[in-house]
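Presented below is the structure to which this report refers.
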Amino acid sequence: MKEGGRIKTLKKRWFILRETSLAYYKDEKDETPQGIISLKESKASLTSEAKRPFCFAVATPERTYVCSATSDDEMWEWINAITYGFFFYFYFFPFRNLSPII
């Protein structure tokens, strides 16, 4: 789930992590992303502003995105993959199956 920009409600989104970006879609069948978060100057971390369990924030120079994973392990997998970078994370943890954020 991702918190909305103007209206602070959590919306279900499908995320795809790429080398330098995190694209989010309304659902897994969408071909056009609702938005793309550049990870070049971003930081993923735990957030105290969470309205749900397993929330984390992706902070960029323009905005902070609040996301919710389905478990503690999944939350840390997303934080680590975003923090350390897609290729670095999967090079050192090649058998990890990163679940989509919903």
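Values quoted throughout were computed directly from the atomic coordinates according to the rules given, and no laboratory measurement underlies them. Computed from a predicted structure; not experimentally measured. Neighbour counts are summed over all protein chains in view; Cβ atoms, including those assigned to glycine, are modelled from backbone coordinates with ideal geometry.
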- Gain in length, residue 83 to residue 21, computed as 0.36 nm per residue apart minus the alpha-carbon separation, to one decimal in nm? 21.2 nm
- Using the beta-carbon distance between residue 41 and residue 12 and R0 = 25 Å, what value does 1/(1 + (r/R0)^6) give for FRET efficiency, to the nearest 0.05? 0.40
